[in-house]
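What follows is a short report on a single structure.
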């Protein structure tokens, strides 16, 4: 097993066994391969079995391209009873109506084929106001989960067991789109028949291009690990496996070099795709260089798998880069162990007194000429800090002040009805913007009126209030209604109205465009070091401390534990115990003191508890900075 992680880049198709959670399987694969970066391509319930693709190393970068894959299942539906969880693990309650015959079940299946609306199970991992639906259901207050549009391509009854006439069962073969709950399908089928039904067994036979026939059992993976690295590597599919349905663009050597640096290109061989389409970027030999999209007549790289000649795979130099902080093995509560003191925030200009403006209409001419970047800036990760550094440079060249327009709510909250969990407290976001050199930050209210505002009208509303020297954007950035405010359209507008537009390449870390969504995925998967590499610092959350209670297991021997509540949904690691350091919360106009006090955070069912009361008095807001997981 020595150096097992070397060369472990690819896709391991696992035949999951009943009794394991998807997280259990990923953790086992991490341990056996020695690869810390790993994630799965779609959750399977613990009682279910079948195909679970696990993406390793570089393979984790292409998980997002498989999240929408169709799935196929073999499902056993049991009639004559209902289950609180819609499957065999919940308490069963006999149904009211008579058990159905096979013919009646087959007749009802037609109602579930095609595009349908489906209500998710009460016991699901969906979040409602920051809480998991299964947490609310366990407390006896199930959430009102709205029906969601799903598609079922094929639904056939292939086996029938009527040996117990009062409790017959059917084996269904299901081919469906991503996001379909087979538990809900069983429940709804029982409701239509008036007898109740639940899911008794489930086997996933395929997940997109990955099939059960090519999956490896856990015993097979364990045996390969014992045989050594080469045996493990032979089980992996290459990272490009299963991406053949995505259109490809062939690049010449110069274009490959540019793309490898994160630069958009106008290729000699134009791909035959629609604007905005996703594209595989291939070299002349057909090898995968990266993934991108076709925008404005250019190929814009989003993920790059090949380092540019003479260019390091990872860029650094952020104003807040703590990714190199050493994390020792768990178990030693000292500054040399897992409880590493948080580095002090690095400030570009300590004299900066950033103006915080409550909306575009509150801008005034006395703020001076502004050079503007528009974005959510969730997390203030390394990509954002790079962008802000470039913003400062562009502003200095134009004799203007660097300014940011951000929002008081994530646009996805209005557009999709659910905001992604935060990586950075809103007050801390303002502190980090100021530390990065931003001199004016506009916190704009995001509502339906703003959502449907055309980009040119939005730009005009800013220019009506204050002098605008220009805008800074990356090639894939866009704002305004239907994201029509792209670098190309803004350049045309700027030439007409007299402001400049600076377009800088996207920031790459190890060949991957740094995105908040990828950081959240790594945190949720328990990959804190991977999240740290993209954030440029350890994950830190701000919450409100509850009352402490006596506990002989408290790490300091004093009062504890202390429940921590969050005003807004935050991005938490998986259940477990973590070495953390705590400190005072941050807010503008106050010193940003680093977190230094060691503690242990325990996460259970999405709730966080500090194991002793050293973080501060009840009701106070405190920052909790994660260092490393602790062995249970």
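A short reminder: the numbers here are calculations on the coordinates, not readings from a lab. Because the structure is a prediction, the values reported are computed rather than measured. Please note: Cβ atoms are built from the backbone with ideal geometry, for glycine as well, and neighbour counts cover all protein chains shown.
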Fully extended contour minus Cα-Cα distance, from residue 36 to residue 346, at 0.36 nm per residue: 108.7 nm
Spin-label point model (7 Å from Cα, Cβ direction): what's the residue 119 to residue 575 distance in nm? 2.6 nm
Counting only DSSP beta bridges with both partners in the chain, the antiparallel fraction in percent, to the nearest 5, comes to 75 percent
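Assuming 0.36 nm per residue, please report the length gained on full extension of the stretch residue 266 to residue 24 beyond their Cα-Cα distance.
Here the answer is 82.7 nm.
Relative contact order for the chain using alpha-carbon pairs under 8 Å, separation at least 6, rounded to a whole percent?
Details: 1449 pairs, mean separation 74.7, N = 632.
Relative contact order of the chain: 12 percent.
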Once you order the gyration tensor axes a ≥ b ≥ c over the Cα atoms, which shape class does segment 69-133 get: rounded for a/c under 1.5, otherwise prolate or oblate by comparing a/b with b/c? oblate
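Based on the Cβ-Cβ distance of residue 102 and residue 178, what FRET efficiency does E = 1/(1 + (r/R0)^6) give at R0 = 41 Å, to the nearest 0.05?
Working: r = 30 Å, r/R0 = 0.73.
Working from the Cβ atoms, E equals 0.85.
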Mind checking the full-extension length gain between residue 605 and residue 448? Use 0.36 nm per residue of separation minus the Cα-Cα distance, one decimal, nm. 53.2 nm
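Estimate the FRET efficiency between residue 365 and residue 496 by the formula 1/(1 + (r/R0)^6), using the beta-carbon distance for r and 25 Å for R0, to the nearest 0.05. Walk me through the numbers before you get to the answer.
Numbers: r = 22 Å, r/R0 = 0.87.
So the FRET efficiency works out to roughly 0.70.
Apply the a/c threshold of 1.5 to the C-alpha gyration tensor of segment 355-506 and tell me whether it is rounded, prolate or oblate.
Numbers: a/c = 1.35, a/b = 1.14, b/c = 1.19.
Note, shape of segment 355-506 comes out rounded.
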Peptides 107-114, 191-198, 48-55: what's the order by average Cβ count within 10 Å, highest mean first? 48-55, 191-198, 107-114
Value at 222 nm in deg cm²/dmol, rounded to 500, when DSSP H runs of n ≥ 4 in the chain each add -39,500 (n - 2.57): -6000 deg cm²/dmol
Tell me the label-point distance for the pair residue 230, residue 568, using the 7 Å Cα-to-Cβ offset, in nm and rounded to one decimal. 5.3 nm
Segment 525-630: equivalent-ellipsoid semi-axes (sqrt of 5 x gyration tensor eigenvalues, Cα, Å): 20, 17, 13
Listed peptides 564-571, 223-230, 622-629 by packing density, highest first (mean Cβ within 10 Å): 622-629, 564-571, 223-230
Could you give me D for segment 248-304, from Stokes-Einstein at 20 °C and 1.002 mPa s, where the hydrodynamic radius is the Kirkwood radius over C-alpha pairs? Units µm² s⁻¹, please. 201 µm²/s
So the angle from the long Cα axis of helix 426-435 to the longest Cα principal axis of the chain, reported in degrees to the nearest 10, equals 40 degrees
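If I take R0 = 35 Å and measure r between the Cβ atoms of residue 158 and residue 89 in this structure, what FRET efficiency does the formula 1/(1 + (r/R0)^6) give, to the nearest 0.05? Write out the running numbers ahead of the final one.
Working: r = 24 Å, r/R0 = 0.68.
Plugging the Cβ-Cβ distance into 1/(1 + (r/R0)^6) gives 0.90.
In percent, what relative contact order does segment 121-252 have, based on Cα pairs under 8 Å that are 6 or more apart in sequence? Mind dumping the intermediate values first?
Working: 107 pairs, mean separation 15.8, N = 132.
Reported relative contact order: 12 percent.
Which order do the peptides 482-490, 378-386 take when ranked by the mean count of other beta-carbon atoms within 10 Å per residue, highest first?
Peptide ranking by packing, descending: 378-386, 482-490.
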